[in-house]
Amino acid sequence: MKEIDGLFYKAIEDMVFPSASLLVFEKEKILYQNIYGSFTYEDKRPVDKESLYDIASLTKPLVVSLLLAFLYQMDEIDLEDELGFYFKEYKKPEKLGITIREMLNHRSGLPSYREYFKEIPEDRWGLPIARDVIIRNVLNENIENRGKTVYSDIDFIILGYLIEIVTTTCLREFFIESIAKPLALRSSDFCGNQQFRKEDRMVPVSENYIGVDDENSRAMGGIAGHSGLFSTVDEVHKILLEVFNSYNNKDFRIFKPPVMREVLKKSNDFQSGLFRGGFDTPLLEGSQYGDYFLGETIAHLGFTGTSFAIDLNSGFGIILFTNRVCPDRTNMKIREFRRLIHNTLCQIFYHIEG
């Protein structure tokens, strides 16, 4: 498709990102797929379908939300469980009543982000003591806007830790056993797994660093609930197809339909732009997912320049990976490009008026 490819080539020329991987699909059918650019602007090695991208906050729904769904299915948790049941820090008066579902939907009242990594000498990043410092800090973080939707890394650092408490195993190991193996994912893993650190395949992030871009995740060893997973568009397609099939009671492998529908249940005051079980939903106007993903769409953006969106009715979806943070994470040209490419792809492939 010359029109699509031309937009990507121009984006690379305009330094929106050095590389990109695109997959457009309808259910299991791939409508269009291509890769563009090189590892960095200086390193001209072309990326390929096996290149691994730091998917950043896509870790939240694709790992934490789905692992919580798995635990819910196994009757190990309830989404209405209060955090005080698991953590003494949530037995304080100002934190009473905060539930797993509220945290999933970014409505606990916790702040969006804190630079916890600055409290830890960099030579201790990745050690258990660094992880313990961050866990202690997030559990003692003050509630600021209870009941208001505030997108928060802190919610998901806590939820990732909660999964480890319930399962008595590492978040990564539980993901591999419960999600990756059943879906035959071979390239999706946390960069904290040293055997997985494949520098010849991992696409660099800010300052040409090879590894997870987020410093809090990096300090925690690259395994955290808010960020840390590396993957390919093909494997994210497999995950989203499982979510779609389960939600629609089709050929699911892991999640029973009532479980997925409960996890993705809309709140009573739901409106466009709010979260459903940790998945984002597009705004009615000005969405980075474009103007055509509405209704039953679930989606998410990643800080590094990654995103996905899928319509739970039709199964139409777009997965876009870039390393727009390379070499400078202040580069925000991706926002305009995302809208443009999503609108263009929907006009070509999505059978709607536009």
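We did not get these values from a lab; they are worked out from the coordinates using the rules stated. These numbers come from a predicted model, not from an experiment. Every residue, glycine among them, receives a Cβ derived from its backbone with ideal geometry; neighbour counts consider all protein chains shown.
To the nearest 0.05, how large is the calculated FRET efficiency for residue 165 and residue 5 if R₀ is 56 Å and r is the Cβ-Cβ distance?
Details: r = 47 Å, r/R0 = 0.84.
The computed FRET efficiency comes out at 0.75.
Ordering of 70-76, 312-318 by packing is 312-318, 70-76, highest average first (other Cβ atoms within 10 Å, averaged per residue). Model label sites at residue 75 and residue 140, defined 7 Å from Cα along the beta-carbon direction, differ in position by 3.8 nm.
Tell me, what is the percent relative contact order of the chain, built from C-alpha pairs under 8 Å that lie six or more residues apart? Before the final figure, lay out each step's value.
Values: 687 pairs, mean separation 86.3, N = 354.
So the answer I get is 24 percent.
For mean projected area of the Cα convex hull in nm², computed directly from the structure shown, the correct entry in (i) 25.2; (ii) 22.4; (iii) 16.7 is (iii).
By the beta-carbon count within 10 Å of each Cβ, the least crowded to most crowded order of 103, 15, fewest first, is 15, 103. If R0 is 22 Å, the Cβ-Cβ spacing of residue 14 and residue 283 corresponds to a FRET efficiency of close to 0.30.
How much FRET efficiency would the formula 1/(1 + (r/R0)^6) give for residue 274 and residue 294, where r is the Cβ-Cβ distance and R0 is 22 Å, rounded to 0.05?
Details: r = 14 Å, r/R0 = 0.62.
It comes out at approximately 0.95.
Protection proxy ranking, highest mean first, for peptides 155-165, 169-179, 216-226: 216-226, 155-165, 169-179, where packing is the per-residue count of other beta-carbon atoms within 10 Å, averaged. With the simple model of a label 7 Å out from the Cα in the direction of the Cβ, residue 49 to residue 124 spans 4.6 nm.
With each run of n ≥ 4 DSSP H residues scored as -39500 (n - 2.57), what mean residue ellipticity at 222 nm is computed for the chain after dividing by its residue count and rounding to the nearest 500 deg cm²/dmol? Before the final figure, lay out the partial values.
Working: 10 runs with 100 residues, N = 354.
Per the formula, -8500 deg cm²/dmol.
Beyond 32 Å in Cα-Cα separation lie the following of the pairs 118/333; 27/88; 238/266; 92/256; 118/148; 92/198: 27/88; 92/256; 92/198.
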